[in-house]
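Structure first, commentary second.
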Amino acid sequence: MNWISDVVRPRIKTLFKRETPENLWIKCPDTGQMVFHKEVEANHWVIPGSNHHLPITAVQRLKLMFDSGTWIDVPLPEVEPDPLKFRDSKRYVDRLREAKAKTGLQDAFKIGFGRVDGLPMTVAAQDVNFITGSLGTAAGEAFVRGAETAIDKRTPFVVFTASGGARMQEGVLSLMQMPRTTIAVRRLRQAKLPYIVVLTHPTTGGVTASYAMLGDVHLAEPGALIGFAGPRVIEQTIREKLPDGFQRAEYLKDHGMVDMVVSRPDMKATVARLSRLLMKAPPPEASAPEPVEPAGPIDTAA
Amino acid sequence: MRSYLDFEKPVAELEAKLEELRQIEANGDGVSIADEISRLEAKSAEALKGLYAALTPWQKTMVARHPQRPHFVDYCAGLITDFTPLAGDRAFGEDEAIVGGFGRFRGEPVCVIGQEKGSTTDARIRHNFGMARPEGYRKAVRLMELADRFGLPMLSFVDTAGAYPGIEAEERGQAEAIARSTEACLALGAPNVSVIIGEGGSGGAIAIATANKVLMLEHTIYSVISPEGAASILWRDAARAQDAATNMKITAQDLVKLGVIDGVIPEPPGGAHRDPAAAIAATGEAIATALTDLHNMGPEEIRDHRADKFLRIGRKV
């Protein structure tokens with residue numbers, strides 16, 4: 001993390017946005033209704049009225065979760081960037097470079113440690129803007145590190161999933177992240193720390209078939225696509241149109257795979273309440289929140 | 001009737017000619033062509049050996065999917081005595097894409113689980129071409145938990161294009177079933193050995209292949225997605241499957257180099273389908289060696305060995 005990318009650039013972006021008229025209004029993808037930008041932002045990037053959840057970045061996610069929008073970045077391990085020397089229409093190293101430039105992230109995960117409604121927590125968020133949030137070695141290592149941090153600091157581990165599945169450009173090494181992340185989940189269980197998964201749009205493939213479906217509690221954002229096989233693959237296999245609402249968060253709840261469908265503005269409070277119950281912590285009123293001592297840079301990115 | 005793969009054409013022609021000569025000799029017209037036959041036999045064997053020594057990843061994909069390749073039921077019949085298959089996930093149904101039960105490997109009781117593709121049309125349908133639904137993985141979990149309770153080692157034989165992608169499979173939680181199965185592998189306190197005998201297709205494979213030792217037969221593949229699938233996603237053209245097969249590093253030889261698998265089991269000349277008994281015997285030897293290596297470890301040690309092995313994969317040293 002460096003000072004320039006974390007602090008200065010987002011501010012410049014914000015200024016720029018304010019001056020650009022098309023960013024003043026947001027069109028709802030469901031209803032076509034025009035909504036004032038500020039109103040959507042204040043509503044956690046959910047369109048008031050239609051309840052359409054707009055995609056948000058991993059950094060925005062952490063900002064919404066942590067008290068006063070601040071946290072300590074969990075440093076993520078460096079990995080061999082392109083183990084297979086892969087290229088399809090583009091070289092994988094170039095794809096990685098572009099994704100890093102575009103998102104300011106090291107890979108598809110951003111992980112922070114801080115307080116959520118006063119309770120210390122380790123929160124990991126996946127970013128679909130980083131090669132569809134796909135799971136490769138770096139993201140797998142990040143997940144493992146996140147779980148280790150939670151165990152170290154005796155906090156719950158909360159993971160916001162958002163991923164198209166395996167990182168194809170890493171071949172079978174991406175498949176290996178399924179057992180690797182599962183090992184980390186087992187360690188959380190052995191440490192008796194809550195592992196809460198929040199499924200966001202979209203969560204598919206190898207991510208769903210590993211850590212995303214092994215939570216102690218599964219929450220999901222309304223309308224999120226969640227599944228193992230993608231809808232296109234299923235349609236091609238069975239040669240039928242898929243029913244409405246298939247593989248959506250509400251469908252998964254009806255089929256017993258998700259505990260609660262929670263709107264984004266209620267997410268923080270729900271995660272905090274569950275964590276306090278499982279950790280046998282008193283409700284927030286009873287304990288005066290102390291500030292987290294910054295052991296590293298406090299991220300104030302937009 | 002032997003079925004030939006496209007690239008086996010030169011061998012197919014030689015063998016056809018051989019067959020003709022043998023017919024002529026059998027008709028016994030007095031002409032001695034025994035020399036010619038043995039010359040041709042040598043030539044054909046040489047051609048086959050040469051061909052199989054230099055298979056491309058795409059050709060290996062074809063061999064791994066060869067319809068006459070020995071399947072799980074053949075390995076089970078050849079290596080396991082007293083095999084007693086068990087059925088059902090105790091929640092929804094029985095899925096014959098995964099066959100599992102208990103038996104003896106070289107006299108010792110073990111749990112055996114494998115994907116079965118089927119060798120006849122009826123069997124293929126019954127086994128759903130080796131593509132399991134959630135019930136299959138939940139049955140595997142059930143058997144693994146049973147094996148663990150009695151401290152029995154687990155052998156798994158992997159041969160699947162992948163878990164079945166269908167509406168009902170999603171409805172019943174395919175992803176959750178796979179995740180739980182991988183987790184059940186990791187929880188085993190007795191050693192497990194996994195052998196890829198054909199196709200190791202993605203999450204459907206890893207669900208039963210998270211093992212202390214993972215072995216692959218010489219001409220098999222193990223991949224995060226089929227070469228065809230990768231081609232249609234990455235190149236938006238399924239015809240680029242050959243490129244995908246090469247670039248994704250899916251062969252046993254590539255994966256041993258990447259440290260993803262622990263060993264390669266040699267196949268008889270011309271592939272396992274030419275001599276199933278030899279392939280099965282070699283697999284038996286390899287499993288016995290793998291189990292011997294893990295013999296003296298206690299339950300915690302076995303779990304740590306497995307977890308450490310997977311955590312090391314892809315890490316910088």
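Region B:130-169: which chymotrypsin sites (Phe, Trp or Tyr not before Pro) are DSSP loop and have at most 13 other beta-carbon atoms within 10 angstrom?
Values: sites: B:Y137, B:F150, B:F157; in loops: B:F150.
Passing sites in region B:130-169 are B:F150.
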Task: HN-Hα J in Hz across region B:219-235 - Karplus 6.51, -1.76, 1.60, θ = phi - 60°, x for Gly and Pro - done: 10, 10, 10, 9, 7, 6, 7, 5, x, 5, x, 4, 4, 6, 7, 7, 10
TODO: Per residue of B:232-243, count partner chain C-beta atoms within 10 Å of its C-beta, then hand back the mean as an integer.
DONE: 2
Open item on the list: Loop-only GluC sites (Glu not before Pro) in region B:1-107, please: DSSP not H, G, I, E or B, and at most 14 other Cβ atoms within 10 Å.
Closed with: B:E94
Open item on the list: Given a Förster distance of 30 Å, report the FRET efficiency between A:S263 and A:K192 from their Cβ-Cβ distance, rounded to the nearest 0.05.
Closed with: 0.50
Task: Integer Hz, Karplus 6.51/-1.76/1.60 couplings in order for region B:285-293, x for Gly and Pro - done: 4, 5, 5, 4, 4, 4, 5, 4, 4
- [ ] Take peptides A:208-220, A:183-195, B:110-122 and line them up by average Cβ neighbours within 10 Å, highest first, as a rough protection proxy.
- [x] A:208-220, B:110-122, A:183-195
TODO: Can you tell me which of B:215-221, B:306-312 comes out highest on packing, and rank the rest after it, using the mean Cβ neighbours within 10 Å?
DONE: B:215-221, B:306-312
Task: All lysines inside 22 Å of B:K49 as judged from Cα atoms, apart from same-chain residues fewer than 8 positions distant - done: B:K9, B:K17, B:K60
Open item on the list: Using a 7 Å offset from the Cα along the Cα-to-Cβ direction at both A:K280 and B:D293, what is the distance between the two label points in nm, to one decimal?
Closed with: 4.4 nm
TODO: Let me have the 222 nm mean residue ellipticity of chain B computed from DSSP H runs of 4+ only, each contributing -39500 (n - 2.57), with the sum over all residues rounded to the nearest 500.
DONE: -14500 deg cm²/dmol
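If you count, for every residue in B:178-188, the Cβ atoms of partner chains within 10 Å of its Cβ, what is the mean? Working shown, then result.
Values: counts 7, 15, 4, 2, 9, 10, 1, 2, 5, 2, 0.
Per residue, the number of nearby Cβ atoms from other chains is 5 on average.
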TODO: Just tell me how shielded A:224-231 is by partners: mean number of partner chain Cβ atoms within 10 Å of each residue's Cβ, no decimals.
DONE: 5
Open item on the list: Quick check: from the Cα gyration tensor, does chain A come out rounded (a/c under 1.5), prolate or oblate?
Closed with: rounded
Open item on the list: Please list, ordered by chain and number, the residues whose modelled amide H lies under 5 Å from the amide H of A:S163; skip anything fewer than 5 residues away on the same chain.
Closed with: A:T203, A:T204
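Rule-based calculations on the coordinates, nothing more; no lab input. Predicted model only: the values in this text are computed from it and were never measured. Reconstructed Cβ throughout: ideal geometry from the backbone, glycine too, with neighbour counts over all protein chains shown.
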